[in-house]
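*Asks:* Dropping the structure in here first, questions after.
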Amino acid sequence: MKNLYDDEPQLTDEEVEELRQKYKNPPVEHDTFFQGDTFEVVEKLAVGEFMHPDPDHICQPLYEYIKDLPKIGYEPSVNASMSERRIHEHQSPVVLQFLSWLQKIITKNPHMFGREGALRLEEVWGTTFKKGDNITPHNHMPFAWTWIFYVNTPVGSSPLVFSESKRTIQVAKGKLLIFEGRLQHEVPECTVDGRCILSGNIADLTPVSSENAQELQRIWEGQQKFEEEKKNAKRI
């Protein structure tokens, strides 16, 4: 699976404006095979929560695959064992099986993600945690959406925390979270070994105005400056 979608959309001005408005009041859906709960946090950004229909079938082979992946070196916000970010290109059958379900989730929920063809999968990686590991507050800009799939969640596994609102999301094996990439989040220090996630970033191909593009660039540059200052502070 190379991308969630291959072709970039050609949208009218009206369609672009409709997509820009899609985050304001996302409806709450009842659980079905491809639908989950949608809600907003205090930051007024959308979060989708879904459960895999057969977590026991997919999570164990995913866990075996992720924990054996080569780990990268230093990642500023991640104090855990993280793989490189392009593992969807390795053609692992279990990863491709999961991504097929993820694609169906997105296409079946246009109220949250917009029209088909507007998104493209860019990055996928795995992370395993041992006791004492954590992830500090960060976001995934410039990507539009970030997702986290909980592969292994031993009793006592740390939750996900949205840093500004302090809203806590309890983890569970087979749970999928999809949220806007600009949403600041973190993982408190783990008190058990074995917490494991599969994560990824999704780009929005919807055209934006020059003013919005400049604003996104300013936010991105500010985030990079903040990360660099944090690294310099650690060196001191």
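*Asks:* Based on what the data block shows, is V171 β-branched (V, I, T), out of contact with any Asp or Glu (no Cβ under 7 Å at 6 or more places or on another chain) and free of Cβ contacts under 8 Å to residues at least 60 places away in the same chain?
*Replies:* Considered against the rule, which asks whether it is β-branched (V, I, T), out of contact with any Asp or Glu (no Cβ under 7 Å at 6 or more places or on another chain) and free of Cβ contacts under 8 Å to residues at least 60 places away in the same chain, V171 comes out as yes.
*Asks:* Quick check on region 73-126: of everything there that is of a type outside the set (G, A, S), within 16 Å of S199 (Cβ to Cβ) and assigned to a loop (DSSP other than H, G, I, E, B), which residue is farthest from the chain's Cα centre (by Cα)?
*Replies:* P76
*Asks:* Right, another one. What number goes with the only condition from (1) polar (S, T, N, Q); (2) surrounded by 18 or more Cβ atoms within 10 Å (Cβ to Cβ); (3) over 28 Å from T136 (Cβ atoms); (4) modelled with pLDDT of 95 or more that Q97 does not pass?
*Replies:* Here Q97 meets the rest and fails (2).
*Asks:* Now a separate question. Do the conditions hold for I106, that is, is it more than 20 Å from Y63 (Cα to Cα) and of a type in the set (V, I, T)?
*Replies:* Taking the combined requirement at face value, the residue satisfies it.
*Asks:* Separate question: Can you say whether S157 is in a strand (DSSP E or B), modelled with pLDDT of 95 or more and of a type in the set (S, T, N, Q), as far as the supplied structure shows? Walk me through how you get there before you give the answer.
*Replies:* Details: in a strand (DSSP E or B): no; modelled with pLDDT of 95 or more: yes; of a type in the set (S, T, N, Q): yes.
Taking the combined requirement at face value, the residue does not satisfy it.
*Asks:* Further question on the same structure: What pairs come out if I take residues in region 38-63 that are farther than 17 Å from R182 by Cβ and among the acidic types (D, E) and pair them with residues that are surrounded by 18 or more Cβ atoms within 10 Å (Cβ to Cβ) and modelled with pLDDT of 65 or more whose C-beta lies under 9 Å away, six or more apart or interchain?
*Replies:* E49/I169; E49/K175; E49/L176; E49/L177; E49/I178; D54/G174; D56/K173; D56/G174
*Asks:* Of the residues P142, P137, which is part of a strand (DSSP E or B) and farther than 26 Å from Y65 by Cα?
*Replies:* None of the other options fit; the residue is P137.
*Asks:* Touching a helix residue (DSSP H, G or I) at 6+ places or on another chain (Cβ under 6 Å), assigned to a strand (DSSP E or B) and within 20 Å of K104 (Cβ to Cβ) - does that describe any residue in region 166-175?
*Replies:* No, every residue in region 166-175 fails to be touching a helix residue (DSSP H, G or I) at 6+ places or on another chain (Cβ under 6 Å), assigned to a strand (DSSP E or B) and within 20 Å of K104 (Cβ to Cβ).
*Asks:* Let me ask something additional. For region 13-26, state whether one or more residues are surrounded by fewer than 16 Cβ atoms within 10 Å (Cβ to Cβ), part of a loop (DSSP other than H, G, I, E, B), touching a helix residue (DSSP H, G or I) at 6+ places or on another chain (Cβ under 6 Å) and at pLDDT below 55.
*Replies:* no
*Asks:* Additional query: If you go through region 179-204 one residue at a time, how many are of a type in the set (A, V, I, L, M), over 19 Å from L45 (Cα atoms) and touching a strand residue (DSSP E or B) at 6+ places or on another chain (Cβ under 7 Å)? I'd like the intermediate steps shown before the answer.
*Replies:* Initially, region 179-204 is screened for residues of a type in the set (A, V, I, L, M), giving 183, 187, 192, 197-198, 202-203.
Next, only the ones that are over 19 Å from L45 (Cα atoms) stay: 192, 197-198.
So of that shortlist, the ones also touching a strand residue (DSSP E or B) at 6+ places or on another chain (Cβ under 7 Å) come out as 197-198.
Of the residues in that region, 2 qualify.
*Asks:* Determine if region 98-113 includes at least one residue that is closer than 23 Å to K225 by Cα and either touching a residue at least 12 places away in the same chain (Cβ under 8 Å) or of a type in the set (V, I, T) (or both).
*Replies:* No.
The values are calculated or read from the model by the stated rules, or taken from the named source; none is laboratory data. Because the structure is a prediction, the values reported are computed rather than measured. With ideal geometry, Cβ positions are generated from the backbone for all residues, glycine too; neighbour counts draw on all protein chains shown.
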